[in-house]
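Q: Starting off with a structure, shown below.
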Amino acid sequence: MPKPLPALIACPHCDALYRRPTLGRGERARCARCGAPLYREAIKLDPDHLLALVIAASITLVIANLSPVVRLSASGITHSASLIGSIGVLWDEGRVLTAMLAFATTIAFPVAELGAFTALLILIRREPGSPHVAALLRGIQAVRPWGMTEVFMLGIVVALVKISHTAQVIPGVALFAFAALTILLTLIISYDLKALWALRPLPEAEP
Amino acid sequence: MTLPTAHAEGLILCETCGLVCDPGREPHPHCPRCGTTLHARKVDSIRRTWALLIAAAILYVPANLLPVMSTYTLFNTSHDTIMSGIVYFWNTGSPDLAILIFAVSIFIPLAKILCMVLLLIAAQYGVDKGLRQRALMFRVIEFVGRWSMLDIFVITMTVGMVRFRSLATIDAGPGAAAFGAVVVLTMIAAHTFDPRLIWDRSEKKS
Ligand SMILES: [Zn+2]
Ligand SMILES: [Zn+2]
């Protein structure tokens, strides 16, 4: 078994090796060689508060995905558009790849991340050494770059500006839900997962 | 200034959990904290990154030439490419949005491919100038890449919103899938590229 050396840190961007600095609140260490941010004293958020945030985000996500983003009317015809409905239209029109890409980045990956995060935060208090904790953390890290709620939020705004030239637009519940979700996810993602990895016990050094 | 590196000290940084490990003499060491297989550098990084970038560069052509949206009204049908969509914003009084879409849909993917090619070549030849600048360039690329997906979301919501039966409907075009593929491929390329390679060979030279 390789020997863990938790007193050292290495820069993931250039491999420079350092003794782990002791940082004050809000301080961050930068790599002297390449300038990359190395290590940040985790926001002092205990896992229970994080769990509350993750559950709030999960509820917001369901509302955002299923309820109408906008109601539109033009020449007496009125209808509403939701995210899931819009993806369905793409799919029905035969734009399968585009539909799958939109579905994965706005629904599937955020749902997977929040689901895994909920399970992780419940499990890590009881059994930080469990292999399930490692699997969940790895899963969260793998899907995280592919959840694009904040980009989608900007996309809605651009689409609305475009449509407002030709149709009357009435904002729907999901518009506000997506705005709230963007903020909640930003808070959740700012929590450094290294702090959760650090809760796992290290194996005893072999004699 | 020469700093010690993990590799030079015979240590490996676990890419999953960030633990520095001493692999000892084991041929296939695993991280004692998270179980990930430990590699000093990302496996086959240069070759994989090249392959992904070439694929992205090829798809960049249809992504820009094929229509990403088609509009059907009672009287006519029109097809929009990414560029003509930008021109539409410019002409309808939203130059700010035109600039935004141009930046994320046309400029960033192209700049990203070119910069990654530069990083790869410089790493392969062990260029030792501008190391910090290249390191910064890579971090910027990694950070901004996801915003290129913007147009896919604009298309998705526009298609979903403009459903006025016979009056007007909008459909996504084949360019959208090609464009999405470009964004995904360049994001994966940024992930397979190991930025430590920027420094490795320049080190050996000096
Ligand atoms: Zn560094
Ligand atoms: Zn690890």
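Q: With only alpha-carbon atoms in the gyration tensor, what are the semi-axes of the equivalent ellipsoid for region A:1-41, in Å, largest first?
A: Values for region A:1-41, descending: 19, 14, 7 Å.
Q: Could you tell me the total accessible area buried at the A-B interface, probe 1.4 Å, in square angstrom to the nearest hundred?
A: 6400
Q: Next question, about the same structure. Taking a probe of 1.4 angstrom, what is the accessible area of B:Trp199 in Å², to the nearest 10?
A: Answer for B:Trp199: close to 10 Å² accessible.
Q: Okay, next question. When the Cα atoms of the protein assembly as shown are enclosed in a convex hull and the volume is divided per residue, what value in Å³ results?
A: Expressed per residue, the convex hull around the Cα atoms of the protein assembly as shown is 152 Å³.
Q: Express in Å², to the nearest 10, the accessible area of B:Tyr88 obtained by rolling a 1.4 Å probe over the protein heavy atoms while all chains stay in place.
A: Answer for B:Tyr88: close to 80 Å² accessible.
Q: On average, how many beta carbons from a partner chain sit within 10 Å of the beta carbon of a residue in A:91-102?
A: 6
Q: Using a 10 Å cut-off on Cβ to Cβ distances, tally the other chain neighbours for every residue of B:84-90 and report the average as a whole number.
A: Counting Cβ atoms of other protein chains within 10 Å of each residue's Cβ and averaging gives 1.
Q: Here's a follow-up. Using a 1.4 angstrom probe on the protein heavy atoms only, could you order A:Glu127, B:Glu26 from most to least accessible area?
A: The ranking, largest first, comes out as A:Glu127, B:Glu26.
Q: On the accessible surface of region A:45-197, probed at 1.4 Å, how many percent belong to carbon and sulfur atoms?
A: Taking all protein chains in place, region A:45-197 shows 69 percent carbon and sulfur surface.
Q: Shifting gears a bit: If you take the charge dipole of chain B about its Cα centre, with +1 on Lys and Arg Cβ and -1 on Asp and Glu Cβ, which of B:His39, B:Ile99, B:Phe164 is farthest toward its positive end?
A: Ranked along the dipole, the leading option is B:His39.
Q: So what are region B:1-40's ellipsoid semi-axes, whole angstrom, largest first, if each one is the square root of 5 times an eigenvalue of the alpha-carbon gyration tensor?
A: After scaling each eigenvalue by five and taking roots: 19, 12, 7 Å.
Q: Still on this model: Using the Kirkwood radius built from alpha carbon pairs, what does the Stokes-Einstein equation give as D for region B:44-205 at 37 °C and 0.692 mPa s, in µm² per second?
A: 191
Q: Sticking with this one: Accessible area of A:Arg144, 1.4 Å probe, to the nearest 10 Å²?
A: 40
Q: Oh, and also: Could you tell me, in Å, what Rg and Dmax come out for the Cα atoms of chain A?
A: Taking only Cα atoms of chain A, I get Rg and Dmax of 21.5, 81 Å.
Q: Mind checking the alpha-carbon convex hull of region A:73-112 and giving the volume per residue in Å³?
A: Dividing the Cα hull volume of region A:73-112 by its residues yields 71 Å³.
Q: Right, another one. If you put +1 on each Lys and Arg Cβ and -1 on each Asp and Glu Cβ, how big is the dipole of region A:45-197 around its Cα centre, in Debye rounded to 20?
A: With Lys and Arg at +1 and Asp and Glu at -1, about 100 debye.
The values are calculated or read from the model by the stated rules, or taken from the named source; none is laboratory data. It should be emphasised that the depicted structure is a prediction, and the values quoted were computed from it without experimental measurement. FYI the Cβ positions are ideal-geometry reconstructions off the backbone, even for glycines, and counts take in every protein chain you see. These area figures cover heavy atoms from the full protein model, side chains too; ligands, DNA and RNA do not enter into them. Shrake-Rupley method; radii C 1.70, N 1.55, O 1.52, S 1.80 Å.
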